[in-house]
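The next block holds one structure in the form of structure tokens; read it before the comments.
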Amino acid sequence: MGEVAGMPDAQVEAEVAEGRVTLVVDESVYPLDAVYGATYTFIDRCYVLLDRAAPTRLRISLTPKHDADADALRAYVGELQNELLSCAWRSQIVRENRAVIEAVTLRAVSGAMGPPSLDELEDFDFSEEPFEDPLGIGLSWEEKYKKKGAADGPSAAAAPAADGGEERDADDNRDETESA
Amino acid sequence: MTELRLHRGLYGANAIDEAVAIYAPHAEIAREVDGDHVVLRVTSDREGRAERVAKELANYALGLTVQGRDAVGGVGALANDANGESQ
Amino acid sequence: MTAPSSTLPAGAFPLGGLTTDASFPAFFRYRALPGDRVLLTNLEGNFLVLAADEFRAFASGQVDPGSELYARLRDGNFLRAHFDTERAAEGLRRRKRFLGYGPNLHMLVVTLRCNETCVYCHASRAPMEATHTDMSRETAERCVDLALSSTSPGITLEFQGGEPLVNFDVVKHVIEYAREKNATIGKALEFTMVSNLAMMDEEKLAYLMAQRVQICTSIDGPQGLHDKQRKLPALKLASGEKTGGSAWEAAVHWIRRINEAYEQQGLDPTLYRVEALLTTTRDTLPLWKEVVDQYVDLGCRALFLRPIDPFGFAERTGPRLEYPRAEYLEFYRRAVDYMIELNLQGVQVLERYAAIFLTKILRGEDPNFLDIRSPSGAGIGALAYNYDGGIFTCDEGRMLHETGDDTFLLGHVSDATYRGVVGHETVRALVLAGNLDARPDCVNCAYQPYCGVAPSHSHKTQGTIFGRMRESSVCAVHKGIQDYLFEKIADADPGVMEVFERWTTIRPREHFIQSVDP
Ligand code: SF4
């Protein structure tokens, strides 16, 4: 079981200066998903910037869109810290319950759809054009992101491509083509 | 001129592309890659505009990155997890 | 390190200092309620209100297995060690029953022409001389053909406009054609007409009553407000009869007359009433009591406190009509508090939003209101047909088309196939976008099992069908209303809970279902 406790300085450093709040968090405690989830809740009120401060530390900057005094900035620190704790915890809960969520959803939805009736099968219009699929819903992940060595699973997928070809980073669906 | 540095491991490339395209009509945006970062240099004749565009663009790119990951921290994250896309 | 402030936004619970446990609970979401209480909801939509101390014990996995709290958590399916997968799947299946069927609501814009001019309506009307915006009989037939090919066992054809009474011949033709066609198909077919009633007459009413058409209208509140927002120019009809002057007077006259006609037919007056809709503008906000009183006075059993939406009006009118959502929520709380008070005195009137959410919260069922479900009903629960035969995922999509945005256009009735329409790439994208399980913020929101946001609204207001909920006025309204309802539920006043239970009672209006043998 992972633990999300209070926030000792080793895990979070906060700084309030020049109309801006900066927090540096330890990624082993606050995984990237939690950081995304927590910072997302601020984009209506603040300009948010993420950066890497060190290999396992993330820097979060919040600049309020409207004037904020020191108290208001401190309130943002408190809110962000709490949101980080909440998102990290939620992330763990989802992970712990993943198999069950999948099982429940699958059973619920497959039951709702039911098997096709004979009439439906008879009515099926095979002549129709296949659906267009601009979002790639019908594609497997490997097809969509042109992964190689699909059988090797996620860890292999994350490894750099030997030929430097079409490989993509595993964490951000990134298209390597930069239009500089 | 305002310089915006977006870490390539934290912001999706598509998200950056789309955000740049959305804000391009509002300011000059030059782009290059510097190591782990995409560097955007935003300029405008109008006072304060470059800074504002840079900040809004960063928010927009973050929003798209999060959306692209299918709902962070929730049930939707499972899809990414299952595909090994999550960290 | 700077000491964090303790000010947290509404709904957040201070977790600092807690050692949280992720393996004790089954999957759940939470939201702090006023009064040191915390709401828990789970995958299948069960809820539990805990005291703050109880929540801390739950969060840290320190609940005595012999305690009453443990039993409540176990009974609500909130504990991993006792998680009942079958029960959760059954609960979820019940909530998502609508996924098994195709579109049941088919909106026909039989004309854009309208005899009234409303301040908030721009994209949905044309002047009375614009006869080219009347739907033809042939187009109407194709709309019916498509609607009746839906896999839904129940089909509602809703006449909209403009003002549908302006093109009454086509309304009649649709009714007759659909009834005839349905004789062999056998769907549970219903007709609904949304009308301002100003062009109603006894002959049309007699026809609509005979054909069992449900009639809905708009009442914006007391006469002064209604007539200020909905202008009805004086008009001399072909019959020589004069109408006009007051849109309110026309609507009120016919609401009373139609309710009387229902009673004359021997229908239960607690169930069969004209449904009236409110559009809340800036001017409505201070008049919450007058609005409720007006509806009660008209004998309406339901009031839908809908905030104004951004689709209908011209950009320049917006600022005059719009208001911050916090002001709307204040209005909502006052009006519904007052409605509860009236109910406790024996007056039966419910608020629609509350009834929709409460049905999901207290009954575990989804009333299938298409804009508040996940995934949203756009294209898979409803279709809208423009006067020219254009098919849209929703009426809002059709309105956007009138302003030059064809994002939600699915095709044309002349050559569309049912499978081509509901399997359209736009419908697929909207299903993905309208699924709260995959939307940032909603995934962490305790209200997720009961909520929904129409992607067309996010598209119009935020430029993305996915929507950013922190900045969404629809999210603000849904969150605010559910905050209000859960505060009441947490207070557990027996009188209020009895009213809430009554509001969730779904009583089907079977009279409006067309019998297969006419
Ligand atoms: S729309 Fe808003 S209130 Fe509804 S689930 Fe999403 S975040 Fe919660």
Item to complete: In whole Hz, with x marking every Gly and Pro, tabulate ³J(HN,Hα) for region C:423-438 from phi via Karplus 6.51 cos²θ - 1.76 cosθ + 1.60, θ = phi - 60°.
Response: x, 4, 4, 5, 4, 4, 4, 5, 5, 4, 6, x, 9, 5, 5, 10
Fill in: Over 21 Å between alpha carbons, listed pairs C:Lys231/C:Lys460; C:Lys187/C:Lys360; C:Lys172/C:Lys204
C:Lys231/C:Lys460; C:Lys187/C:Lys360
Fill in: Degrees, to the nearest 10: C:247-264 long Cα axis against longest axis of chain C
90
Item to complete: Please list, in chain and number order, the residues 5+ apart from C:Cys114 or on another chain whose amide H is under 5 Å from its amide H, with Hs placed from the backbone.
Response: C:Ala126, C:Met128, C:Glu163
Worksheet, complete the sentence: Log entry, pair C-A: total buried accessible area, probe 1.4 Å, protein chains only, in Å² rounded to 100, is 4700
Worksheet, complete the sentence: Expected vector for region A:20-36, Karplus 3J(HN,Hα) from phi with 6.51, -1.76, 1.60 and θ = phi - 60°, integer Hz, x for Gly and Pro, equals 9, 10, 10, 10, 10, 10, 7, 5, 6, 9, 10, x, 3, 4, 5, 5, 4
Discussion item. Charges on Cβ only, +1 for Lys and Arg, -1 for Asp and Glu, centred on the Cα centroid of chain C; of C:Gly186, C:Thr426, C:Val166, which one is farthest towards the dipole's positive end?
Written reply: C:Thr426
Worksheet entry | Excluding exposed DSSP-loop GluC sites (Glu not before Pro) (at most 10 other C-beta within 10 Å), longest clean stretch of chain C | C:242-518
Discussion item. Taking amide H atoms as placed 1.01 Å from N in the peptide plane, list the residues 5 or more away in sequence, or in a different chain, whose amide H sits under 5 Å from that of A:Ala53.
Written reply: A:Leu58, A:Arg59
Fill in: Average beta-carbon neighbours from other chains, 10 Å sphere, peptide C:26-35
3
Discussion item. With angles folded into 0 to 90 degrees, how steeply does helix C:137-148 sit against the dominant principal axis of chain C? Use alpha carbons for both and round to 10.
Written reply: 30
Worksheet item: To the nearest 500 deg cm²/dmol, what mean residue ellipticity at 222 nm is calculated for chain C from DSSP H runs of n ≥ 4 alone, each contributing -39,500 (n - 2.57), summed and divided by the residues?
Response: -11500 deg cm²/dmol
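Keeping all protein chains in place, calculate the accessible area per residue for region B:2-78 (probe 1.4 angstrom), answer in Å².
Values: 3110 Å² over 77 residues.
Computed with neighbouring chains in place, this is 40 Å² per residue.
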Worksheet entry | Per-residue mean of C-beta atoms belonging to partner chains within 10 Å, peptide C:437-449 | 6
Worksheet item: Can you list the residues, at least 5 places off or on another chain, whose amide H is less than 5 Å from the amide H of C:Ile308, using H built in the peptide plane?
Response: C:Thr280
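Let me confirm one metric for peptide A:66-73, namely the mean number of other chain beta-carbon atoms within 10 Å of its residues' beta-carbons.
The shielding value for this peptide is 1.
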Item to complete: Any cysteines in chain C with zero other Cys Cβ atoms under 4.7 Å from their Cβ? List them, or say none.
Response: C:Cys114, C:Cys143, C:Cys216, C:Cys300, C:Cys394, C:Cys442, C:Cys445, C:Cys451, C:Cys475
Response to the item:
In order over region C:458-475: 3J(HN,Hα) from phi, Karplus 6.51/-1.76/1.60, θ = phi - 60°, whole Hz, x for each Gly or Pro, gives 4, 4, 5, 8, 10, x, 9, 5, 6, x, 10, 5, 4, 10, 8, 6, 5, 4
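Could you rank the peptides C:382-390, C:428-436 by their average count of other C-beta atoms within 10 Å per residue, with the highest value first?
Top to bottom by mean Cβ count within 10 Å: C:382-390, C:428-436.
The values are calculated or read from the model by the stated rules, or taken from the named source; none is laboratory data. If you're wondering where the values come from, they're calculated on a predicted model, not measured in any experiment. Glycine also receives a Cβ, built like all others from the backbone with ideal geometry; neighbour counts cover every protein chain displayed. The accessibility values were calculated without ligands, DNA or RNA, using every heavy atom of the protein model including side chains. Shrake-Rupley method; radii C 1.70, N 1.55, O 1.52, S 1.80 Å.
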